[in-house]
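Asker: Got a structure for you, written out below as structure tokens; questions coming shortly.
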Amino acid sequence: MEIVKQMLLLLLCFPCHGMGTTAGSGKDKSSGTFDVKDFGAKANGMSDDSKAFLAAWDAACKSSGKVKILVPSGTYLLNPVKFSGPCRDVQTLEFMLQGTLKATTDLNKFGDGEGWVQFGRVDGLTVTGGGTFDGQGAVTWPYNKCPKEKNCKVLPTSVKFVNTNNTIVKDITSLNSKFFHMALLGCHNFKGSGITITAPATSPNTDGIHMEGNSGVTIASSKIRTGDDCVSIGHGNSFVTISGITCGPGRGISVGSLGRYKDEEDVQNIVVKDSKLIGTMNGVRVKTWANSPVKTSAINMTFENLVMRNVGNPIVIDQTYCPYDKCDNSAWSKVKLSDIHFRNIKGTTTSPVAVTLKCSKGMPCEKLSLHDVNLQHAGPGNISSACLNVKAEYSGTNNPPPCE
């Protein structure tokens with residue numbers, strides 16, 4: 001009888017062991033931390049860890065309060081993953097990336113228009129930790145036909161933020177994206193800083209940070225070296241501030257291209273300031289397509305306190321933009337450009353035409369000004385300006401001289 005009692009006591013006490021953590025849950029209840037390794041991530045760079053990451057996200061998203069998804073040091077191979085909300089009871093969600101995420105190189109894993117890592121419909125997200133998103137783009141760049149073909153199949157963007165609110169991204173690296181490194185789509189109140197973006201100058205369409213349809217975006221104190229625009233500000237953006245960027249190699253910082261599609265929205269209140277552009281194809285530019293299908297506008301844009309070093313085309317407005325061999329420029333651009341200001345821009349250019357202001361014939365630029373633009377040719381010879389359909393206002397120092 002005594003033996004039976006002892007066995008009963010053992011059975012009753014057995015579930016008590018390990019009460020602090022539910023076995024297999026991967027959650028440290030005391031800290032609200034969800035470690036992807038507790039959900040089965042191998043971190044060996046060869047095994048597919050996608051399911052483990054999605055399981056960790058799902059558990060964190062269904063939790064409450066302040067939670068953290070931890071990606072410890074190591075290399076994690078991932079197929080396309082979508083980290084989606086809403087996470088209704090979560091106050092803040094931190095994605096702490098300390099390791100390296102490597103993208104699959106098998107394009108068959110991606111659907112049309114699908115990105116690699118996507119964060120969507122979540123509030124109060126922070127992505128940080130000093131880790132790396134490695135798109136492994138070199139394997140797939142030869143399959144990118146977009147630089148030559150208008151109707152091309154777009155390769156995957158490395159990291160997408162879609163319809164997020166109050167997002168912070170800091171101290172992370174994007175390496176060798178297949179297409180864009182980072183895309184912001186329909187986000188509100190997005191703050192990025194300490195971002196490092198790296199790809200060869202020859203990598204096609206590897207825009208550093210591309211944005212469409214956002215409001216309240218700040219990108220600061222970041223280094224972008226890539227094969228296309230360091231930052232590209234597309235349609236539908238408002239109240240965007242880009243500051244403290246070191247850009248190069250690349251194609252510069254752009255607003256546009258605008259006016260290609262029927263559903264585009266206006267752009268307004270854009271500031272690009274306190275940045276350096278080094279060895280880039282362009283400096284700062286606004287580009288719109290000719291033959292744009294609907295009327296839109298891009299207004300109140302300021303480019304100031306910029307340093308150019310050996311930049312091909314430091315200041316550009318181009319309303320006949322078309323990157324293809326055959327372009328229909330029979331009709332003028334219907335994107336109205338107004339209130340555009342270039343202030344305190346200095347440095348060196350490798351082009352004899354340092355300032356290009358080429359506006360629409362049917363809707364000429366309005367309220368365009370240049371103040372204290374002081375550029376010098378990196379080699380021998382003088383530099384000049386080229387203007388079309390524009391009457392700009394000049395003040396302070398201006399080199400190259402204004403258009404006559």
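Asker: Alpha carbon centre of the range 101-134 versus the range 218-272: separation in Å?
Answerer: 20
Asker: When only DSSP loop residues count, what trypsin sites (Lys or Arg not before Pro) in the range 295-404 have their Cβ near at most 16 other Cβ atoms within 10 Å?
Answerer: Here the sparse-neighbourhood loop sites are Lys295, Lys326, Lys361, Lys391.
Asker: I would also like to ask the following. Ignoring everything except DSSP H segments at least 4 long, calculate the 222 nm mean residue ellipticity for the chain; use -39,500 (n - 2.57) per segment, divide by total residues, nearest 500.
Answerer: -2000 deg cm²/dmol
Asker: Taking the Cα centre as origin and putting +1 on Lys and Arg beta-carbons and -1 on Asp and Glu beta-carbons, what dipole magnitude results for the range 245-404, to the nearest 20 debye?
Answerer: About 180 debye.
Asker: Can you spot the lysines whose alpha carbon is less than 18 Å from Lys102's alpha carbon? Ignore those fewer than 8 places along the same chain.
Answerer: Partners found: Lys37, Lys42, Lys51, Lys82, Lys160, Lys178.
Only the coordinates and a few stated rules stand behind these numbers; no lab work does. Note that the structure is predicted; figures quoted are calculated from it, not measured. We place every Cβ from the backbone using ideal geometry, glycine too, and count neighbours over all the protein chains shown.
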